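Everything on this sheet refers to the single structure shown next.
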Amino acid sequence: MGRTLAEKVWDDHVVRRVAGEPDLLYIDLHLLHEVTSPQAFDGLRKSGRRVRRTDLTIATEDHNTPTLDIDKPIADPVSRTQLETLRKNCAEFDVRLHPLGDVEQGVVHVVGPQLGLTQPGTTVVCGDSHTSTHGAFGALAFGIGTSQVEHVLATQTLPMAPFRTMAVTVLGELPEGVTAKDLILAVIARIGTGGGQGYVIEYRGEAIEKLSMEARMTMCNMSIEAGARAGMIAPDETTFAYLKGRDHAPRGADWDAALDYWRTLRTDDDAVFDHEVVIDARELAPFVTWGTNPGQGLPLSGAVPDPAAFGDPSERLAAEKALEYMGLEPGQRLRDIAVDTVFVGSCTNGRIEDLRSAAAVLDGRRVADGLRMLVVPGSVRVALQAVEEGLDKVFTAAGAEWRHAGCSMCLGMNPDQLSPGERCASTSNRNFEGRQGKGGRTHLVSPQVAAATAVAGHLASPADLADVPTPVEV
Amino acid sequence: MEAFTTHTGRAVPLRRSNVDTDQIIPAHWLKKVTRDGFEDGLFEAWRKDPEFVLNRPEHRGASVLIAGPDFGTGSSREHAVWALQNYGFKAVVSARFADIFRGNSLKNGLLTVMLPQETVEELWRLAETDPTAEVTVDLVDRKVRAEGVDAGFDLDENARWRLLEGLDDISITLQNEDAIAAYESRRPGYKPLTTQAV
């Protein structure tokens, strides 16, 4: 019987297979950041171990880093200690680090792909659940805990329990104005936050094949929000074109050998998935979340649901609690929800295409009075590219704040946080209670919807902006 | 890792589904560089409410958490496991756990037990009607026992053995160093290196 893409990559990394034990898998690339690594390095020190493969390991600073005044010492002493700890650990264990201020610094899941380190058929791990992002290249990429970070540092392997395979096939093409973010939010709403549990999801079908690499990263990034171990997309000409010429992409004869291998990384025609979901792209519309988990989403044209309408008691209870936390009433039109803040950024939507699409909406328009909009590029390289294209000027002319690269308000470990009750349309990945700051209320949206919302002052898509008068300069 | 064989303690009923790791331990706690001192961050936002179940005097000192389905979703932060352990929990029972959280818990000796939702509901009712009732989580027999409850649970044999023995995964893996080296010797040359920017 044929094998799926995920099974092929898995099989190619088995170091040891013994019945009754988890497979021992080799890890091609280990990404580190400051939050989930200090206790792992401590463990190495205590047991007198070294990093087995510093040449397969790379670190950057992202979760804690400020997005303002980056040339000054970090104000929060605890954040500063954590960053200094990473710097000390990387120096002591000889790990390549891109610290704050470095041109290759940025959100770890933006940095790996842009350096060309994330490649088809590799295994990629990081102490961060959004490691699933890298699956966009046909890599098997998953988030791990700190104990596993230590395990990979010491052994370059991980014992992994077997997984199940799920195909999410997206038929047709996405309509104009509908993005990968809308698509993945619709997928999560369909299968639920636990629907992917134990599975590696392969996204396939016409709509997926037509996506750019960056859009594919947005899809795979949020696989974890459906509970999946990983998300993958088979590598194709789009993938190869993205990689060619990048710093760490193979060259010359190596490129040809790699390409020969990469072309084999497709699910065989006779392979069988454990579960299949089919979605028609042509039926999709801009999608937003109304609740406190990423599965609680609806098309923007919808209304806040009535918890009483949920058949499942635990879903009903979850909806009741979500509406209470979010300060929303059943039946309220989603488009009528006014927001205080708009955040564009994160490993989900902080890449250049995301910034371009938000800027295209904002160009010649103004952010609504009293609304704050933060634009945080995913990496320094993304920021430089945006500046070269003049996007920063578009954002600031519209009244948005143009910040330095990092995770920022996606999780509010740095000073970029919501205040209690503050409502935010965010291009990030999690609308959990307090995720963006204590008491903060998050609606997950695409970059286009974020930008249109910033202009309209309430949840909106670019198509809704026709009726917003363009202010006249006086 | 501390070995886990069997544990008996009082239970806390947490009637919530989709308890994500941001609720278990909010992000600002993740700046710490140690594995301890997270107990005050556990469910920090919810604990501000005096009526929150962990704040109820009758549940003080309980060591088995009975939670709704999809416990531990979201972030990979192992701090969520440390926070539960630092607070005093030895086991968590739920109908379904998020994968990464579950893996993290088993690597730290926090037993995560999957039971059908009906059994979870029975345990909720028991802990609510009699907060002094004890619940036994027995890894040797793979059973959860309490008054009126005698439920078997699954855990793969390898994970169970590691927990029962309190084994350190890294030492086990390093016994296979030859296999790792052999694998490395046949890795293709086109695989990326972080050190060698061309």
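Once the Cα gyration tensor of the stretch B:55-181 is diagonalised, what are the square roots of 5 times its eigenvalues, in whole Å and ordered largest first, as equivalent ellipsoid semi-axes?
Semi-axes, largest first: 29, 16, 13 Å.
If the viscosity is 1.567 mPa s and the temperature 4 °C, what Stokes-Einstein diffusion coefficient in µm²/s follows for the stretch A:36-94 when Rh is the Kirkwood radius over Cα pairs?
102 µm²/s
On a straight-distance basis, which lysines could pair with A:Lys210 in a cross-link, Cα separation under 28 angstrom, same-chain partners fewer than 8 positions away excluded?
Qualifying lysines at Cα under 28 Å: A:Lys8, A:Lys181, A:Lys244, B:Lys191.
If you wrap a convex hull around the alpha carbons of the stretch A:266-336, what volume per residue comes out, as a whole number of Å³? Don't skip to the end; give the middle numbers.
Details: hull volume 9.7 nm³, N = 71.
Roughly 136 Å³ of hull volume per residue.
Taking only Cα atoms and a 10 Å spring cutoff, compute GNM fluctuations for chain B and point out the largest among B:Val135, B:Val81, B:Val149.
Sorting by GNM fluctuation, first place goes to B:Val149.
Evaluate 2.2 N^0.38 Å with N set to the residue count of the stretch A:341-474, then give the Cα radius of gyration divided by it.
0.96
Can you work out D for the stretch B:1-133 in µm² s⁻¹ from Stokes-Einstein, where Rh is the Kirkwood radius over C-alpha pairs, the temperature is 37 °C and the viscosity is 0.692 mPa s? The partial results should precede the final answer.
Working: Rh = 14.7 Å.
Rounded to a whole number, D works out at 224 µm²/s.
Just the Cα atoms of the stretch A:178-304, one point each, no solvent: what log10 I(q)/I(0) does Debye give at q = 0.14, 0.18 Å⁻¹?
Listed by q, the Debye log ratios stand at -0.69, -1.01.
For A:Lys46, which lysines qualify as cross-link partners when the Cα separation must be under 22 Å and same-chain residues fewer than eight apart are set aside?
Output for A:Lys46: A:Lys88, B:Lys31, B:Lys32, B:Lys107.
Between the DSSP loop rule and a limit of at most 13 other Cβ atoms within 10 Å, which trypsin sites (Lys or Arg not before Pro) in the stretch A:1-44 are left?
Hits after loop and neighbour filter: A:Arg17.
How tilted is helix B:117-129 with respect to the longest principal axis of chain B? Cα atoms for both, answer in degrees (0 to 90, nearest 10).
Helix B:117-129 and the main axis of chain B meet at about 50 degrees.
How big is the C-alpha Rg of the stretch A:138-211 next to the rule-of-thumb value 2.2 N^0.38 Å, as a ratio?
1.41
Using the Karplus curve 6.51 cos²θ - 1.76 cosθ + 1.60 with θ = phi - 60°, work out ³J(HN,Hα) for each residue of the stretch A:415-430 in order, rounded to whole Hz, and write x for Gly and Pro.
x, 7, 9, 7, 8, x, x, 5, 10, 10, 8, 10, 7, 7, 10, 9
Taking the Cα atoms of the stretch B:153-198, what is the range of coordinates along each of the three principal axes, in descending order and whole Å?
52, 22, 16
Taking 2.2 N^0.38 Å as the expected size of a compact globular protein, what ratio does the Cα radius of gyration of the protein assembly as shown give against it, to two decimals?
Rg over 2.2 N^0.38 Å, computed on Cα atoms: 0.91.
Would you grab the residues whose amide H sits under 5 Å from the one on B:Val113? Only those 5+ places off in sequence or on another chain, please, with H modelled 1.01 Å from N.
Those qualifying (amide H under 5 Å, at least 5 residues apart or on another chain) are B:Val92, B:Val93, B:Ser94.
Restricted to Cα positions, what overall size does the stretch A:121-165 have along the principal axes? Three whole-Å values, descending.
Extents along the principal axes: 27, 20, 16 Å.
Return one quarter of the surface area of the convex hull spanned by the alpha-carbon atoms of the stretch A:288-389, equal to its mean projected area, in nm².
On the way: hull surface 31.8 nm².
If you wrap the Cα atoms of the stretch A:288-389 in a convex hull and average its projections, you get 7.9 nm².
Average partner chain C-beta neighbours within 10 Å, per residue of B:13-19? Don't skip to the answer; put the middle values down first.
On the way: counts 0, 0, 3, 4, 10, 16, 1.
Mean inter-chain Cβ contacts per residue within 10 Å come to 5.
Would you grab the residues whose amide H sits under 5 Å from the one on A:Gly297? Only those 5+ places off in sequence or on another chain, please, with H modelled 1.01 Å from N.
For A:Gly297, the qualifying residues are A:Trp290.
Arranged from highest to lowest average of other beta-carbon atoms within 10 Å per residue, in what order do the peptides A:274-287, B:46-59 appear?
Packing order, densest peptide first, comes out as A:274-287, B:46-59.
Read phi for every residue in the stretch B:175-190 and hand back ³J(HN,Hα) as whole Hz from Karplus 6.51 cos²θ - 1.76 cosθ + 1.60, θ = phi - 60°, with x for Gly and Pro.
The phi angles translate into 5, 9, 4, 4, 5, 5, 4, 5, 4, 4, 5, 10, 5, x, x, 7 Hz.
Nearest-5 percent of antiparallel DSSP beta bridges in chain A?
Counting only bridges with both partners in chain A, antiparallel ones make up about 25 percent.
To test your reading of the geometry: what angle, between 0 and 90 degrees and rounded to tens, separates the Cα axis of helix A:77-93 from the longest principal axis of chain A?
It is inclined by approximately 20 degrees.
Which of B:Thr21, B:Thr112, B:Thr129 ends up with the largest GNM mean-square fluctuation for chain B, with Cα atoms connected below 10 Å?
B:Thr129
Can you pull out the trypsin sites (Lys or Arg not before Pro) in the stretch A:163-231 whose DSSP state is coil and whose Cβ has at most 16 other Cβ atoms within 10 Å? Don't jump to the answer; show the numbers that get you there.
On the way: sites: A:Arg164, A:Lys181, A:Arg190, A:Arg204, A:Lys210, A:Arg216, A:Arg229; in loops: A:Lys210, A:Arg229.
Those that pass, being in a loop and sparsely packed, are A:Lys210.
The numbers here are math on the coordinates, done by the rules we state, and not lab data. A quick note: this is a predicted structure, and the numbers were derived from the prediction, not measured. Don't worry about glycine lacking a Cβ; one is built from the backbone with ideal geometry, like all the others, and counts go over all protein chains shown.
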